[in-house]
Each structure stands twice: as structure tokens, then as C-alpha cells.
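Asker: A single structure is presented below for examination.
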Amino acid sequence: MNRIVRQNYPVEKLPEDLRDGITHASVTVSLEEDVPDISPAAGHFTRWKHLRRTEFLTTDEIVDHVRALRDEWDRR
């Protein structure tokens with residue numbers, strides 16, 4: 001999860017809907033990125049799977065990739 005915090009942020013730079021009711025000249029702004037809500041019952045692998053890039057299509061491709069990495073490591 002990404003989070004951005006800006007302290008002493010000028011109120012006049014905020015969008016109008018966020019300025020409503022603020023009487024001070026500056027505020028602290030905190031932004032957090034929304035991430036998909038995944039059930040804890042889904043398990044660790046399922047949560048991780050949503051974060052990774054889709055690189056492999058089949059189990060055979062994964063096995064081939066791991067073997068290639070192993071062979072490369074062995075050559076060092």
C-alpha cells in the first residue's frame with residue numbers, strides 16, 4: 001500500500017470540496033492508495049497472486065523458468 005503525507009499543506013491548493021469548513025491556513029494531507037479487499041480466508045498465495053505480474057501461463061512454463069534460473073545460478 002502506498003501512502004503520501006504532506007504536512008503544512010496550503011489550504012488554497014486543496015480542491016474546493018476539501019476546503020469546505022477549514023479555517024486554518026495549512027493542513028496535513030494524508031493519501032492512501034485503495035487496494036482490492038481480499039478475504040483473509042483466501043490465503044496468503046491468493047493475496048500475493050493479485051500483486052504479481054502475470055508472466056507465466058502454465059505450470060510447465062513456471063518449471064522451465066525455475067530450471068533456467070537454477071542452471072544460471074549453477075554456472076556462476
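The values are calculated or read from the model by the stated rules, or taken from the named source; none is laboratory data. Note that this is a predicted model, so its numbers are computed, not measured. Backbone-built Cβ (ideal geometry, glycine too); neighbour counts: all protein chains shown. Heads up: the accessible areas ignore ligands, DNA and RNA and are worked out on the full protein's heavy atoms, side chains in. Shrake-Rupley method; radii C 1.70, N 1.55, O 1.52, S 1.80 Å.
Asker: If we scan the stretch 13-25, do we find a residue that is of a type in the set (Gly, Ala, Ser), open to solvent by less than 80 Å² (accessible area, probe 1.4 Å) and either modelled with pLDDT under 85 or touching a strand residue (DSSP E or B) at 6+ places or on another chain (Cβ under 6 Å) (or both)?
Answerer: No - not one qualifying residue is present in the stretch 13-25.
Asker: If you don't mind, another one. Of everything in the stretch 31-44 that's surrounded by 10 or more Cβ atoms within 10 Å (Cβ to Cβ) and not in a loop (DSSP other than H, G, I, E, B), which residue is modelled with the highest pLDDT?
Answerer: Among them, the one singled out is GLU32.
Asker: Just one of the numbered conditions (1) loosely packed, with under 10 Cβ neighbours inside 10 Å; (2) modelled with pLDDT under 90; (3) of a type in the set (Val, Ile, Thr); (4) within 24 Å of the chain's Cα centre (by Cα) is not true of THR28; which one?
Answerer: Status for THR28: all satisfied but (2).
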